[in-house]
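Beneath this line is the structure, given in structure tokens, with notes to follow.
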Amino acid sequence: MQVSAPLSSGQQRLWTVSQLTEAGSAYNETMAFTLRGPLDRAALRRALDALAERHETLRTRFAVEDGQPVQIVLDETGFPCTVTDVTGQPEDKAALRRTEPFEPFDLASAPPARARLLIDGPEHHILLITVHHIVFDGWSRTVLLRELGVLYTAELRGDLADLPETRPYREYARAQQDWLAGPAPQPHETYWGDRLDGVPAVLDLPADRPRPARQDYRGARVRVSLGPHLTAAVKKLAREHGVTPYSAVLTCWSMLLSRLSGQDDIVVGVPTANRGGGGEYPATIGFFVNTLAVRADLGGGVTGAVLLKQVRAALRGAIDHVGLPFERVVELVNPPRSPAHTPLFQTMVAWVPTVHDLLELPGVAAEPLEVEHAPAKFDLALGMADEDGDITGHLDYAVALFDHATAQRYARYFVRLLEQLVARPDAEATSYELLDEAERREILAWSAGPRPNRRPGGLVERFTAHADAAPDAPALVCDGRTSTYGELDQRTTRLANALRARGVGPGEVVAIHSERSTELVVAVLGVLKAGAAYLPLDPAQPPARREAMIEDARPALVLRDDPDSIAALAAEGDPKRRLVPAGPGETAYVIYTSGSTGRPKGVAVTHHSVLALFDQWLDRFGATPGEATSAWSGIGFDASVHELLLPLTTGAVLHVVPEDVRADPAALLAWLREHQVVQAFLPPSYVRWIDEDPARAAGLALRHVLTGVEPLPEAALARFAAAVPGLRICFGYGPTEATLYATAHFDPQPVDRPAPIGRPLPGSRMYLLDERLRPVPPGIAGEVFLAGDCLARGYLHRPGLTAERFVPDPFAPGERMYRTGDLARWLPSGEAEYAGRRDDQIKLRGFRIEPGEVTAALLAVPGVREAAVLVDRAGEPKLVAGVAGGGRTLHEWRAALADRLPDYMIPSVFAEFDRLPLNPSGKLDRDAVLAQARASTAVNTVNTAAPRDHVELALHRIWRNLLLHPSIGVSDDFFDVGGTSISAIKLAHTIGTEFGRELPIRDVILHPTIEAQAALLRADEPASAGGSLIEFRRGTGRARVVCVHPAGGTAFCYLPLSAALPEDAGVVGIQSPGLGPGEEPLPSVEAMAEEYLRLVAPQPGEVLVLCGLSYGGLVAYEMGRRLAKRHPRVSVVLLDTAGTDDPAARAAIGPVPAAEFREKLVRFNGMYPGIEDAQIERYHRTYNHNRHTAREHDPGESAARVVFVQATGEDTIPGGDEFWRRRVLGEFEVVPVGCGHWDLLESAALPRVAELITAELADR
């Protein structure tokens, strides 16, 4: 006999998870023992069978009956046990020990428990017992092992085992479901709803890899041990503060999570036995455990002792409400969900009972063995036990996210926090250090660049040295004209003397307003020779910005190259060189950057910093005397300093890139080849362009390339280097305040990751610090602070702002460091990886988004050449992707990313370009990307929620019957509109009944929208229009509303209207014949009216309201005209249906081209995922056919009552009311509605339309 019973709430969740192929063996619970002594194998097998006979959970199967998962208890007994002799076969023994726990269970057809006995000698065995968590928990493990020993002993002696009576687990499951159906849960629901209100969507732990789109259950573990001394100290601390050792562990774990993630709001999963307040099921094996979401607030600078009390209070509150199953808590709180991670929390802390001395077999010593199987049910799970005075255990981690070394490091941090909590409970919890002294020294060693190698001479001295040594050598090539070092020296000397004559000298600033020309180079060198600092004014910048810069900088003089003011001023100067030595602390140049307040700020950079930058370059790459280098950058971009002055101070030949070449990467590369340029700066966008086809770089003479400014894939840099023999690349990072770049990554490798920002340059320092200005551990994002030789003097004339951003260096007394506002994290190699801006962290729907991860996923999509990700914060924040290449619809973009990213990281808007737009500095033009994104969404798309074909409509009906949500759209997430794991099971079952094919529960969970589920169902079904008559609602009365398709042919746009009409009214839609394969359209409006009336089959005494939007009104009117003669209870509602008696206007109604029609289809949300070109063609043909029939049709006079609903919005069609008034013989009413033509069935106009139709139903 079989007994069927409902599942408990916990079982429902595990059964649902078991349907996911990714879960596999994740919920297998394995116990391993080495058995030494004379084991009676037959007695052991009989004892196992007796266990299965005693505990019905061990002989339970799981199935679905009428859309509900149930547990079926079988009469058959037996505990599967496989015996394998591995004597003398150590490799086989090891393999079986390793693989046995990973074998998944078939819960529908096989027992949920098994054993394997390995024979390793006459008196040496290994016993592996594996049970699925759906019938098992920690308490059950103790019961199973103790009872196995008792039963084995009884078998040896031939006695009956003395064991207490066990209650069936199914009684607990039924009792729980009955309890949940009553009023008792209400106080618990109130507690959990309040306690977890606004809970974070996900804990953002620093991981070694991006989170996969689907949770990956593969795991591993590292050992954690407090040791006897710390264990004793923790117990003492717990006693003194009135908490348990577990509370102390949980407190430090929460502290660790907060420190790692940078989040103060921490939720941790805590498992509890939950076997009833009176211990009703002490001897039952089953899945009783409930998991509590324990929330702690770690903000506010509280002490460790206070935090202990807060966590204890949170834990006690949770335990007081343990009766409400975790699954019900999730449904109640309804946090943003994703198949990428567990809801509410992603880490757990469990107090695991020891298994030592639990299995007692007479004459046999049973010792527990380590089990390698460590599935990752969560991102991190800490399991601890008190064994012989040592709190010890393990940290399980998801290998998809973390490396073994990272997990070990986190385990060390946890122990270190416990040590500090014990030692300093009254200290502020945030003062506890994660790093020990050795780790801190290592991080600080990474933070400092090598000792610099200083070269003699300043910028001017280095230039003049080459002018004196080789005056006839070419120095500058610009606009086809070559200037020698001697000529350049003479011109710049004259200009310097002329400037001095006008009072310009050290401490002064001279502004240079010049195109990229010979005059610009003369001006820069002339100002430096005069001992002053130059301020570049880029003519490409807006005049207002240039004026603001001049007003702020207060320059001594403004040099302009038009008309020849620089040359004219130089002509006034004395040709005799009079050097004005510039001290290393004097300002060399001032470059303005955008300020957060909108006011530009001038960064004053010293000669010392520029020389340090050049010297480190020369140490690594060497000089290129006599060889060509290029200058690409605009003069307002600090890369121009490197491009202009490094060549001229090292004897190279500076070639200024012509303006007509700068903006075209192909033209630039051709120009570089032509001039045999060996050293260049290239903006990141050009590197990405080269990476599309590295052969584009063939023939280049480049040996040294500087790039940076924006993130780049390291593999792209490596491919570029490989394509040009001998090329070396410097990927630099640093703001203007750090002299172009302060850190660099050299010699990139072909690895799939963003290029690191590298290590500090010689003489410079880069600190990654937390909010207390402490070095952060590897992998954790900290703010970037820069110090040393790279540092600018400060902001010109802005001492307050300088003091705010250039702060004291706590690691080098007396020195300063610059607070960049950038975030970065240390890699294990000692290099740093950029992690975005501190003030521009992206957080949507509670999820923190890493733009780099989204960009990498976009670049992996076939055809995508460039990608950028940013947030549009105008209105409701949206994630925007700017992409070049791989043109797709929104649905196609989402589908392309679905397997690469968690759903919450997929952009909602995609702006497509031929090339991503850039600003004059070669950086991404963010404003242009956002403008394009807004333009692409500004098109007033309609029908965004309603089904678009019969598959989506059928699914919509199923969802509506299962869920209580008032309105459901095709893109709504099942769980956001009230779906639960149980209703997901029902949904899968009902879909199978409706469509005749199974949609696995896995697909329901991983594809939780009507749109996505319909795409799966269409994949196995031939295209079909589903018939011309669609029943939106059957109704219970004697009234029906008939909705006739617009010109597009489908009637799904009426679904929102049907939901707004009285429930007793039936609502049907009519679609055009011709939408399905092999169908032919009806030849005229008259033929349609006749056929549609046949389909509707009006009944005597039935009230009929015929309505039609736009073209549909023509057919509805004709139907009413014919029907009014024999059916008096009919009225017609025309929804802004146009008409004209002008022959020329009618003749102008022609076919719409295919491209224009596709745009309309996108606008009307008709391009559902997976739509075939043949279906689009049928839509197009139907649309043009209906336009043709409208042109040929002249509505006749009608006796039916007609209501003309006229849209009075921006796209109002004039004259419609008079057109119909001339034809209606019966009652005629015009109702204006303030909306656009296509908004009548959406937005605020819908209730008004529903009200009018409802009135027609009542009046007839």
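Where a number appears in this text, it was derived from the coordinates with a stated rule and is not lab data. Computed from a predicted model, the values in this text were never measured in an experiment. Neighbour counts run over all protein chains shown; Cβ positions are idealised from the backbone, glycine included.
So for segment 841-938, what are the equivalent ellipsoid semi-axes in whole Å, largest first, each being the square root of 5 times an eigenvalue of the Cα gyration tensor? Don't skip to the answer; put the middle values down first.
On the way: eigenvalues 67, 55, 34 Å².
Ellipsoid half-lengths, sorted descending, are 18, 17, 13 Å.
Taking all Cα-Cα distances within segment 83-136, those exceeding 13 Å account for 60%.
Panel note: the C-alpha atoms of segment 774-922, placed on their principal axes, show extents of 58, 36, 29 Å (largest first).
Kirkwood hydrodynamic radius (Cα pairs, Å) of segment 507-597?
The answer is 13.9 Å.
State to the nearest 20 debye the size of the charge dipole of segment 1025-1259 about its Cα centre, where the only charges are +1 on K and R beta carbons and -1 on D and E beta carbons. Let's see the in-between values first.
Details: 23 positive and 32 negative charges, 105 e Å.
Here segment 1025-1259 has a charge dipole of around 500 debye.
Only alpha carbons enter this Debye calculation for segment 1189-1242, each as an equal point scatterer, and the log10 of I(q)/I(0) it gives at q = 0.20 Å⁻¹ is -0.81.
Centroid-to-centroid, using Cα positions, segment 1198-1238 and segment 305-321 are 67 Å apart.
Spread over its residues, the convex hull of the C-alpha atoms of segment 7-49 is 119 Å³ per residue. Subtracting the Cα-Cα distance of R98 and A670 from their residue separation scaled by 0.36 nm leaves 200.0 nm.
The alpha carbons of segment 693-807 stretch over 51, 34, 22 Å along the principal axes, in descending order. Pair-distance distribution of segment 1025-1259: all C-alpha pairs, bin width 10 Å, starting at 0; shares per bin in whole percent are 8, 34, 39, 17, 2. Over the C-alpha trace of segment 1013-1114, radius of gyration and Dmax come out as 14.4, 44 angstrom. Rounded to the nearest Hz, the phi-derived 3J(HN,Hα) couplings of segment 1082-1091 under the Karplus curve 6.51 cos²θ - 1.76 cosθ + 1.60 (θ = phi - 60°) are 6, x, 7, 4, 4, 5, 4, 4, 5, 5, where x marks glycine and proline.
With a Förster radius of 25 Å, plug the Cβ-Cβ distance of L827 and D927 into 1/(1 + (r/R0)^6) and report the FRET value to the nearest 0.05.
It comes out at approximately 0.15.
Cross-link partners of K235 among aspartates and glutamates, defined as those whose alpha carbon lies under 18 angstrom from its own and excluding same-chain residues fewer than eight positions apart: D386, E387, D388, D390, E419, D426. The aspartates and glutamates within cross-link reach of K923, meaning a Cα-to-Cα straight distance under 12 Å and a gap of 8 or more places when in the same chain, are E710. All Cα-Cα separations within segment 1-95 were binned at 5 Å from zero, giving a P(r) of 2, 10, 14, 18, 17, 15, 11, 8, 4, 1, 0, each value a whole percent of the pairs. The simple Förster model, with R0 at 45 Å and r as the Cβ-Cβ distance, assigns K309 and L444 a FRET efficiency of 0.80.
With the charge dipole of segment 1025-1259 set up from +1 on Lys and Arg Cβ and -1 on Asp and Glu Cβ about the Cα centre, the Cα lying farthest toward the positive end among the listed residues G1108, F1052, L1093 is that of L1093.
For the listed peptides 1083-1095, 66-78, 1197-1209, a ranking on the average number of other beta carbons within 10 Å per residue, highest first, reads 1197-1209, 1083-1095, 66-78. Computing Rg and the Kirkwood Rh from the Cα coordinates of segment 459-681 gives a ratio, Rg/Rh, of 0.94. Note on D178 and A698: their simple-model spin labels are 8.2 nm apart, each label 7 Å out from Cα toward Cβ.
Above 58 angstrom, tally the Cα pairs of the chain and express them as a % of all pairs, no decimals. Pairs farther apart than 58 Å: 36 percent. Here's the list of aspartates and glutamates a cross-link from K843 could span, going by alpha-carbon distance under 13 Å and ignoring same-chain residues fewer than 8 apart: D204, D872, E876.
Cα convex hull, segment 3-168: 116 Å³ per residue, rounded to a whole number.
Among 783-794, 1036-1047, 1097-1108, 148-159, the peptide with the highest mean count of other Cβ atoms within 10 Å heads the list, and the full ranking is 783-794, 1036-1047, 1097-1108, 148-159.
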